[in-house]
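The structure appears right after this line, and notes come after that.
The values are calculated or read from the model by the stated rules, or taken from the named source; none is laboratory data. This is a predicted model, so every value here is computed, not measured. Cβ placement follows ideal geometry from the backbone for every residue including glycine, while neighbour counts extend to all protein chains displayed. Ligands, DNA and RNA are stripped out before the accessible areas are found, and what is left, the full protein with its side chains, is counted by its heavy atoms. Shrake-Rupley method; radii C 1.70, N 1.55, O 1.52, S 1.80 Å.
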Amino acid sequence: MTNYISTRGQTAPQSFSNIVLEGLAPDGGLYVPQAWPTVTRQELESWRTLPYADMAARVFIKFAPELGLKTLTDLCRTTYTSALFSHARNASDAVRIFPVRKLKTDGLFLQELSNGPTLAFKDAAMQFIGHLMDFMLEKQNRTLTVLGATSGDTGSAAIHALRGKKRVKVVMLSPQGRMSDFQRAQMYSVLDDNILNIAVAGTFDDCQDLVKTINADAGFKNDYRLGAVNSINWARVMAQTAYYISAYLQIAAQDNDKVSFSVPSGNFGNAFAGIVAKLMGVPIDRIIVATNENDVLHRLLTSGCYAPASVALATSSPSMDITKASNFERLAFEAASHDGAKIHALWQTLAQEGHIDFAKSEPVMWQAIQRHGLASSRSTHADRLTHIKEVYETEGLLIDPHTADSIHGALSCRKDGEKIVILETAQAAKFAQTVQEATGHAPPSPKGFEGLLDAPQSVTPIACDPNELKAQIRKFVGADRAF
């Protein structure tokens, strides 16, 4: 059995089954494997011809051997079907689930990650986690209240993965007025009894802080059986690791080929999944961390100082309007050689002083971070408009503004002869206003979404107040906390 430890070092090792249902560690840290599993070049080559579901199961068994390959294969085959991931565009092969297309710009590729039911890359992990949680809760005869925070796409992906589940209730926090109309409609139009949408008067960072504050109350967390599905949950990172491997196998002609990735990033979860694949032994060269005007990660990677801004700017790539990149803690823990006491102390410093200058105060950690082969970029609204327009004119393909951030990263950082996979964030229809501004054309609604914006919606607004949130959870879950 693979054990999982907290980045803060004050929680006993846990099994995979326990951490999936728990989310955040009791000491406030994030779970990571005690040791990184490895994949050999021979294994990679043997996976090349497998269907995505079977390949993913072989990745996941390395992180959750206690579940067994048959169970994981069954869960993956239920999840990763061309019927569910059916929104492939321009004659792409939906059977591949997350197909990679070569772009006309030399060395650039685009991996379509937004073919799922909510048209966003978050479906890649959330649809699997929905089935995984359902399986575990049934097996353990338990119930769970999922408390999550979203900057846009995580919420709708989680809600659509967990709606109607008898053993799960979902409380999803979103920043009031900070998402696109399409994103709001996808979330708030789900009226199932087990879903509660809450709009917080604040930013995504405020929503994320509320989740962490509520989780820190051990008694309340236990009473209401709280769990998490955003990227603080290790299963999210694990599930995303599989599509990096899939992209590598679709591009690399030989097992010594190296591939780089440009990743739109706010909370660092998607980028860290690529680092995990690299730590496993997949021949990944560089991870380009593509940020928008909320550039905490770009500033970190260019200066060595992690300094979250006090307020997130509202941008045209709103899912990345984040100043506190939670998953960076996992990378820092790796750079500290799994010294949880050091991370606990550093994050106390962060809370008190508002920054950690790794280059000056932790040079050994800073050198370790740099060895992971990370590059970064920062793009603006004007950059996004330019890239959306150029891709539309040269490729005949509409992309969303977050994917445009990723293209900006690839073009800004690429080296001669480098193969770079641009990870898609969402389909253009989710951000119609910006896409129309760039191209002069409104993106068409994908099949099945034509009347979404006119559907009835339900959302509960609250102040950024943990006591008010607790009151809403009590009311929603009710006196019968086991539902």
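Residue check: is Asn294 open to solvent by less than 20 Å² (accessible area, probe 1.4 Å), modelled with pLDDT of 95 or more and part of a loop (DSSP other than H, G, I, E, B)?
On the way: open to solvent by less than 20 Å² (accessible area, probe 1.4 Å): yes; modelled with pLDDT of 95 or more: yes; part of a loop (DSSP other than H, G, I, E, B): yes.
Answer is yes for this residue.
Once region 390-439 is narrowed to residues that are small (Gly, Ala, Ser) and farther than 23 Å from Gly451 by Cα, the residue that is surrounded by the most Cβ atoms within 10 Å (Cβ to Cβ) is Ala404.
For region 118-139, which positions are touching a residue at least 60 places away in the same chain (Cβ under 8 Å) and open to solvent by 10 Å² or more (accessible area, probe 1.4 Å)?
The initial filter retains those residues of region 118-139 that are touching a residue at least 60 places away in the same chain (Cβ under 8 Å), namely 118-121, 124-126, 128-129, 132-133, 135-137.
Passing the criteria: Phe121, Phe135.
Among the residues making up region 113-128, those that are part of a loop (DSSP other than H, G, I, E, B) and not hydrophobic (A, V, I, L, M, F, W, C) are Ser114, Asn115, Gly116, Pro117, Thr118, Lys122.
Per the conditions (1) in a helix (DSSP H, G or I); (2) over 14 Å from Val146 (Cβ atoms); (3) in contact with a helix residue (DSSP H, G or I) (Cβ under 9 Å, 6 or more places away or on another chain), the sole criterion not satisfied by Gly202 is (1). Within region 310-322, the set of residues being surrounded by fewer than 20 Cβ atoms within 10 Å (Cβ to Cβ) and either polar (S, T, N, Q) or under 20 Å from Ile343 (Cα atoms) (or both) comprises Ser310 only.
Per the conditions (1) of a type outside the set (Asp, Glu); (2) under 19 Å from Gly274 (Cα atoms); (3) open to solvent by less than 70 Å² (accessible area, probe 1.4 Å), the sole criterion not satisfied by Arg371 is (3). For region 231-246, the candidate set comprises residues that are within 13 Å of Leu423 (Cβ to Cβ) and either of a type in the set (Ser, Thr, Tyr) or open to solvent by 10 Å² or more (accessible area, probe 1.4 Å) (or both); within that set, the residue that is farthest from the chain's Cα centre (by Cα) is Ser246.
A residue that is under 18 Å from Leu50 (Cα atoms) and among the hydrophobic types (A, V, I, L, M, F, W, C) occurs nowhere in region 101-123.
Looking at Lys475, Lys470, Lys430, just one residue is in a helix (DSSP H, G or I), closer than 30 Å to Asp223 by Cβ, of a type in the set (D, E, K, R) and in contact (Cβ under 8 Å) with a residue 60 or more places away in the chain, and that residue is Lys470. Here is the figure for region 455-470: residues that are open to solvent by 50 Å² or more (accessible area, probe 1.4 Å) and among the aliphatic types (A, V, I, L, M) total 1.
Here is a yes/no grid of residues against (1) at pLDDT 95 or above; (2) under 21 Å from Ala124 (Cα atoms); (3) of a type in the set (D, E, K, R):
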position: Val200; (1), (2), (3): yes, no, no
position: Phe204; (1), (2), (3): no, no, no
position: Asp209; (1), (2), (3): no, no, yes
position: Lys212; (1), (2), (3): no, no, yes
position: Ala218; (1), (2), (3): no, no, no
position: Val229; (1), (2), (3): no, yes, no
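Residue under question is Ser445, and the condition is that it be within 27 Å of the chain's Cα centre (by Cα), at pLDDT below 95 and not aliphatic (A, V, I, L, M); does it hold? Yes, satisfied. Determine whether Lys139 is assigned to a loop (DSSP other than H, G, I, E, B) and either in contact with a His (Cβ under 9 Å, 6 or more places away or on another chain) or more than 28 Å from Ala442 (Cβ to Cβ) (or both). Spelling it out, it is not the case that Lys139 is assigned to a loop (DSSP other than H, G, I, E, B) and either in contact with a His (Cβ under 9 Å, 6 or more places away or on another chain) or more than 28 Å from Ala442 (Cβ to Cβ) (or both). Scanning region 304-338 for residues that are in contact with a Phe, Trp or Tyr (Cβ under 9 Å, 6 or more places away or on another chain) and free of Cβ contacts under 8 Å to residues at least 60 places away in the same chain turns up Cys305, Tyr306, Ala335. The lone criterion from (1) under 26 Å from Lys258 (Cα atoms); (2) outside any strand (DSSP E or B); (3) at pLDDT 90 or above left unmet by Leu110 is number (2).
Which of the residues spanning region 152-168 are in contact with an Asp or Glu (Cβ under 6 Å, 6 or more places away or on another chain) and either open to solvent by 50 Å² or more (accessible area, probe 1.4 Å) or more than 20 Å from Ile97 (Cβ to Cβ) (or both)?
Residues of region 152-168 in contact with an Asp or Glu (Cβ under 6 Å, 6 or more places away or on another chain): 157, 163-165.
Within region 152-168, Arg163, Gly164, Lys165 meet the criteria.
Listed by position, the helices (runs of 4 or more DSSP H) inside region 1-101 whose residues that are more than 30 Å from Ile343 (Cβ to Cβ) and not basic (Lys, Arg) number at least 2 are 41-47, 52-60, 69-79. Residues that are out of contact with any helix residue (DSSP H, G or I) (no Cβ under 8 Å at 6 or more places or on another chain) and over 17 Å from Met133 (Cβ atoms) within region 218-248 comprise Ala218, Gly219, Asn222, Asp223, Ala247, listed in sequence order.
For (1) open to solvent by less than 20 Å² (accessible area, probe 1.4 Å); (2) touching a residue at least 40 places away in the same chain (Cβ under 8 Å); (3) over 23 Å from the mean Cα position of the chain (by Cα), each residue gets a yes or a no:
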site: Gln10; (1), (2), (3): no, yes, yes
site: Asn18; (1), (2), (3): no, no, no
site: Arg41; (1), (2), (3): no, yes, yes
site: Ser46; (1), (2), (3): no, no, yes
site: Arg58; (1), (2), (3): no, no, no
site: Leu72; (1), (2), (3): yes, no, no
site: Ala88; (1), (2), (3): no, no, no
site: Phe98; (1), (2), (3): yes, yes, no
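With respect to Ser326, determine if the residue is open to solvent by less than 30 Å² (accessible area, probe 1.4 Å) and touching a Pro at 6+ places or on another chain (Cβ under 8 Å). Considered against the rule, which asks whether it is open to solvent by less than 30 Å² (accessible area, probe 1.4 Å) and touching a Pro at 6+ places or on another chain (Cβ under 8 Å), Ser326 comes out as no.
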